[in-house]
Amino acid sequence: MTQACPELEYATERALGHALSLLRDGQIVAIPTETVYGLAADATNGEAVARIYAAKGRPSFNPLIAHVSGADMAADHALVSPLASLLMEAFWPGPLTLVLPLRSDSKVANIVTAGLETIALRAPSHLVPQKLIAALGGPLAAPSANMSGRLSPTTAKHVAASLGGAVPLIIDGGACEAGLESTIVEVRAQRLFLLRPGPVTAEQVKAATGMDLLMSDLSADPQAPSSPGQLASHYAPRKPLRLNVSEALPDEFHIGFGAIGGDLNLSAGGSLVEAAAGLFAALHKADASPSTAIAVAPVPREGLGLAIADRLRRAATPGQAGLV
Ligand code: TXA
Ligand code: MG
């Protein structure tokens, strides 16, 4: 038996039961959807979501899509305008992801939205995610189930070849119907921005809403959202932030790691998974504290630590970026 041999199961009720117990346990599972295979975790469990990044070797905390059962569950996590509702009625369940304002009381973990004030939501039409979301009673965070920088997988074999032993279970639902990642549209101020073209076309959106999809070109429109994966700064605290700080100054809120306790320790036991899961929440807390500045303890730059370093670099004051 080689290492690169995760359990591969056909999409039977038994396999779904197995997947569900893993998800409830905070583990990740590769699942088929109608677009591409996704690497799923309970979106409300930050540590589970951090395992997605670790398995993919993702260099930065790109925000993830939260997969929901439909408009009702979407409304638990996002502010749904009439225009967004119209799009849900027209294209859900199916390959359309909507980026909407995040509700402050959403239970989705901070790491899913990478600290943004928006959330990407999609209701898949595939029965496997539908059944898992219904049984879990909450959203599944799932990026495409490939190593970072590789092609998206459209068969279970692609997933096994790309992620190998990093995933405990791959559910085999055959080849994906769309084979192309979902169309991503941001609904902002009564306008629609195309963040990623996909199976739902601009013509279909126009037919359903009477509106054109605008391109998210920052140079043309400073109000336009950034394209997915190109968000230069996902979440930058308002306060100045120093990196690799073992001993903080009196006016600094110190975010610790391992033996360096700080005001708030990302992981006393030195776990990068735990640190990644709590990173955005820690930055938010530091920002909201009475301290005038933020200092972060050194975090090892290996595995998930690279993604943490990438996010901290983006969060740091420009002059400090070189220190990470
Ligand atoms: O078809 C799909 O969408 C597949 C299946 C598994 O559902 N998922 C997928 O996820 O393609 P992923 O992570 O490979 O791509 C999601 C994209 C990323 O480029 C990310 O930057 C963008 O969605 N995204 C997520 N949340 C966002 C947000 N709040 N604002 C802007 N872009 C966002
Ligand atoms: Mg992807």
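Structure above, values below:
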| item | result |
| --- | --- |
| ³J(HN,Hα), Karplus 6.51/-1.76/1.60, whole Hz, each residue of the stretch 165-175, x for Gly, Pro | x, 6, 10, x, 8, 10, 8, 8, x, x, 6 |
| Tail weight of P(r) past 21 Å, computed on alpha-carbon pairs of the stretch 241-323, percent | 16 percent |
| Above-threshold pairs, the threshold being 30 Å between Cα atoms, out of Lys107/Lys239; Lys56/Lys285; Lys206/Lys285; Lys107/Lys206; Lys56/Lys206 | Lys206/Lys285; Lys107/Lys206; Lys56/Lys206 |
| J(HN,Hα) series, the stretch 66-71, from Karplus relation 6.51 cos²θ - 1.76 cosθ + 1.60, nearest Hz, glycine and proline x | 9, 8, 10, 6, x, 4 |
| The stretch 1-98 - percent relative contact order, Cα under 8 Å, separation 6 or more | 16 percent |
| Under 5 Å, built H, 5+ apart or other chain: amide partners of Phe61 | Arg311 |
| Under-5 Å amide H pairs with Asn265, H placed in peptide plane, nonlocal only | Gly256 |
| HN-Hα J in Hz across the stretch 249-260 - Karplus 6.51, -1.76, 1.60, θ = phi - 60°, x for Gly and Pro | 6, x, 8, 9, 7, 9, 8, x, 8, x, 5, 8 |
| Amide N proximity, the stretch 126-143 versus Arg103 label position 7 Å along Cα-to-Cβ, cut-off under 14 Å | 138-139 |
| Two-decimal Rg to Rh for the chain - Kirkwood Rh, Cα set | 0.98 |
| DSSP-loop trypsin sites (Lys or Arg not before Pro) across the stretch 242-324, with at most 14 other Cβ within 10 angstrom | Arg301 |
| Amide H partners (placed H, <5 Å) of Thr33, local residues excluded | Gly38 |
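Each reported figure results from applying straightforward, stated rules to the coordinates on display, with no laboratory input. Every value quoted in this text rests on a predicted model; they were computed, and no experiment measured them. Here Cβ is always computed from backbone atoms with ideal geometry, including for glycine, and neighbour counts include all displayed protein chains.
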